[in-house]
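Student: Please read through the structure below; I'll follow up with questions.
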Amino acid sequence: MAVKPQDLAKTLDEITPEMRDGTLLVSLLAGVKSSRIEELVDSKARVVRVMPNTPILMGEGMSVISKGKGATKEDIEWTESLLAKSGSTLVIDESLMDAVTATSGSGPAYFFGFVEAMIDAAKRLGLKEEDAKILVTQTLVGAAKMVVESGKDARTLRENVTSPNGTTAAALAVFDSNKWHETVYEAMKAAMTRAKTMGH
């Protein structure tokens, strides 16, 4: 079930009469608890909740799965095997799903926004847009590959690029002066808070 949260009740009104008892219902609705769906279908369905993200379209998605009250271990395994074809999967307790939404669900937009900001900055520094786009996007791809495949954590990788008093250190000092870690936390907390309200 992949509809907008506000269309949940209407959609379930349409499909519930067609459901047999024990139907497996996989929900991709942001912010909607499995207990809410179980209530609306009068516990006719075994509900598994999934928070995917848009890179699923490229086979590089992050799909996080949690188990509703009536779902079985086999239901989780089936859902994992289905979603593994389009990226990575992680099974967590549903109580953490709003934090997941703020991290991997909304996360691609944070990176898109940063890419957009870097391209704009490169143009302001004198580069042509097409050159800026190549430089920024390949840097993103290469950096992501290093995070995934180097075996080093992000802090170590950052420190390896940052010579004392060098160009990278000068740039990072500006980010630090603007408390970027705190900014990222506040942004993700806002996303989590919004996810909590969407399910009501």
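Student: Among the listed residues Lys85, Lys33, Lys67, which satisfies the condition of being surrounded by fewer than 17 Cβ atoms within 10 Å (Cβ to Cβ) and basic (Lys, Arg)?
Tutor: Details: Lys33 fails: surrounded by fewer than 17 Cβ atoms within 10 Å (Cβ to Cβ); Lys67 fails: surrounded by fewer than 17 Cβ atoms within 10 Å (Cβ to Cβ).
Matching residue, one of Lys85, Lys33, Lys67: Lys85.
Student: May I pose another question? Considering each residue of region 120-148, count those that are assigned to a loop (DSSP other than H, G, I, E, B) and of a type in the set (Lys, Arg), and give that number.
Tutor: Narrowing region 120-148 to residues assigned to a loop (DSSP other than H, G, I, E, B): 125-128.
Adding the requirement that they be of a type in the set (Lys, Arg) leaves 128.
Residues meeting the conditions: 1.
Student: Among the residues of region 4-28 satisfying the criterion of being assigned to a loop (DSSP other than H, G, I, E, B) and at pLDDT below 90, which is surrounded by the most Cβ atoms within 10 Å (Cβ to Cβ)? Give the derivation first.
Tutor: Applying the first criterion (assigned to a loop (DSSP other than H, G, I, E, B)) to region 4-28 yields 4, 19-22, 28.
With the extra rule that they be at pLDDT below 90, the set shrinks to 4, 19-22.
Details: Lys4: 10, Met19: 15, Arg20: 7, Asp21: 10, Gly22: 11.
Ranking the qualifying residues of region 4-28, first place goes to Met19.
Student: State whether the residues of region 140-147 include one that is among the charged types (D, E, K, R), farther than 27 Å from Arg36 by Cβ, open to solvent by 90 Å² or more (accessible area, probe 1.4 Å) and modelled with pLDDT of 95 or more. Explain how you work it out, then say what you get.
Tutor: Of all residues in region 140-147, those among the charged types (D, E, K, R) come to 145.
Within this subset, residues satisfying the condition of being farther than 27 Å from Arg36 by Cβ are 145.
Checking which are open to solvent by 90 Å² or more (accessible area, probe 1.4 Å) leaves us with 145.
Subset that is modelled with pLDDT of 95 or more: 145.
Yes.
Student: Still on this model: Which numbered condition trips up Thr16, out of (1) in contact with a Pro (Cβ under 8 Å, 6 or more places away or on another chain); (2) over 19 Å from Ala195 (Cβ atoms); (3) not small (Gly, Ala, Ser)?
Tutor: In the conditions (1) in contact with a Pro (Cβ under 8 Å, 6 or more places away or on another chain); (2) over 19 Å from Ala195 (Cβ atoms); (3) not small (Gly, Ala, Ser), Thr16 misses (1) alone.
Student: Does Ala195 meet the test of being open to solvent by less than 60 Å² (accessible area, probe 1.4 Å) and touching a helix residue (DSSP H, G or I) at 6+ places or on another chain (Cβ under 8 Å)?
Tutor: Details: open to solvent by less than 60 Å² (accessible area, probe 1.4 Å): yes; touching a helix residue (DSSP H, G or I) at 6+ places or on another chain (Cβ under 8 Å): yes.
Yes, satisfied.
Student: Being within 17 Å of Ser104 (Cβ to Cβ), out of contact with any Cys (no Cβ under 6 Å at 6 or more places or on another chain) and of a type in the set (Gly, Ala, Ser) is the requirement here; does Ala9 meet it?
Tutor: no
Student: For residues in region 23-46 being touching a residue at least 40 places away in the same chain (Cβ under 8 Å) and not aliphatic (A, V, I, L, M), which is farthest from Asp98 (Cα to Cα)?
Tutor: Of everything passing the filter in region 23-46, Arg36 is farthest from Asp98 (Cα to Cα).
Student: Ala117: in a loop (DSSP other than H, G, I, E, B), of a type outside the set (D, E, K, R) and either touching a residue at least 12 places away in the same chain (Cβ under 8 Å) or more than 27 Å from Asp42 (Cα to Cα) (or both), yes or no? Don't jump to the end; show me each part of the working.
Tutor: Numbers: in a loop (DSSP other than H, G, I, E, B): no; of a type outside the set (D, E, K, R): yes; either touching a residue at least 12 places away in the same chain (Cβ under 8 Å) or more than 27 Å from Asp42 (Cα to Cα) (or both): yes.
The answer is no for Ala117.
The values are calculated or read from the model by the stated rules, or taken from the named source; none is laboratory data. Everything numeric in this text was worked out from a predicted model, so none of it was measured. Backbone-built Cβ (ideal geometry, glycine too); neighbour counts: all protein chains shown. When the accessible area is computed, the model is the full protein with side chains, heavy atoms only, and any ligands, DNA or RNA have been set aside. Shrake-Rupley method; radii C 1.70, N 1.55, O 1.52, S 1.80 Å.
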